[in-house]
1. For the chain, what's the relative contact order in percent, using C-alpha pairs closer than 8 Å and at least 6 residues apart?
2. About its Cα centre, how strong a charge dipole does the chain have in debye, to the nearest 20, once Lys and Arg get +1 and Asp and Glu get -1 at the Cβ?
3. Do any trypsin sites (Lys or Arg not before Pro) in the range 96-180 lie in a loop, going by DSSP, with at most 12 other beta-carbon atoms within 10 Å of their beta carbon, and if so which?
4. Just how far, in whole angstrom, is the range 150-164 from the range 7-81 if you go by their alpha carbon centroids?
5. Just in the range 7-36: which GluC sites (Glu not before Pro) are loop by DSSP and have at most 10 other Cβ atoms within 10 Å?
6. Step through the residues of the range 162-176 one at a time and calculate ³J(HN,Hα) from phi using the Karplus curve (6.51 cos²θ - 1.76 cosθ + 1.60, θ = phi - 60°), rounding each to whole Hz and writing x for Gly and Pro.
7. Only Cα pairs under 8 Å and at least 6 apart count here; give the relative contact order of the range 78-153 as a rounded whole percent.
8. In degrees, nearest 10, range 0 to 90: what is the angle between the Cα axis of helix 3-29 and the longest Cα principal axis of the chain?
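All of the numbers you see were taken from the coordinates with simple rules; none came from a lab. What you are looking at is a predicted structure, and each value in this text was computed from that prediction instead of being measured. Heads up, the Cβs are rebuilt from the backbone with ideal geometry, glycines too, and the neighbour counts pull from every protein chain shown.
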Amino acid sequence: MQGVILDELEKYIGRELGDAGLARMRALTGRGEGGYRFDASYPDEEIHLIVRGVAEATGKPPELILEQYAEAMVPGLLAVYGFLVNPRWSFLEFLVNTEGSIHKGVRLASPSAKPPAIKAERVGPESVAITYRSKHHLCSVAKGILRGAAAHYGVGVTIAEGTCMLRGDPECLITVTEED
């Protein structure tokens, strides 16, 4: 798991649970005060361990925590990788170009990075269908990033999930429709 993802998760936990909650979550992983370097890789299990701890502390379902955290991390991701985003792109163009430019750039900057496989294509003038595949099954993170990106672009969206890896499907098919 890329450090930038875990670093943003720590920021979310700090906002949601305060310093004491963050210290409890760091204790779960044995990180102590160290935290995460955004350019390093960490064991994949850490995100699941941390999210389970947050779920226990808050009573929220893990999928909701992942989606809320991912929506909140979009500004941080854009601060790191925003130079890869064409400022003339609309929200839907941003979605269609994520794999080709942003994930490609992430892989160049951090060769050990393994962002999820995403295929996005227009399926109508206001809609994009996204196929998401990842061994992590973090489709809730994908949906949260979609909501955060929509907020960044100042647009409303409807997100529908036709298939989902969490329901046993081989991939997630997420359709995003921009609202008027």
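1. Once divided by the residue count of the chain, the mean separation gives 20 percent.
2. Using Cβ point charges on Lys, Arg, Asp and Glu, the chain gives about 400 debye.
3. Here the sparse-neighbourhood loop sites are K135.
4. A separation of 23 Å, based on Cα centres.
5. Within the range 7-36, the qualifying GluC sites (Glu not before Pro) (loop, at most 10 other Cβ atoms within 10 Å) are E33.
6. Once rounded to whole Hz, the list reads x, 10, 8, 4, 6, 9, x, 6, x, 7, 9, 10, 10, 9, 10.
7. 26
8. Approximately 40 degrees, to the nearest 10.
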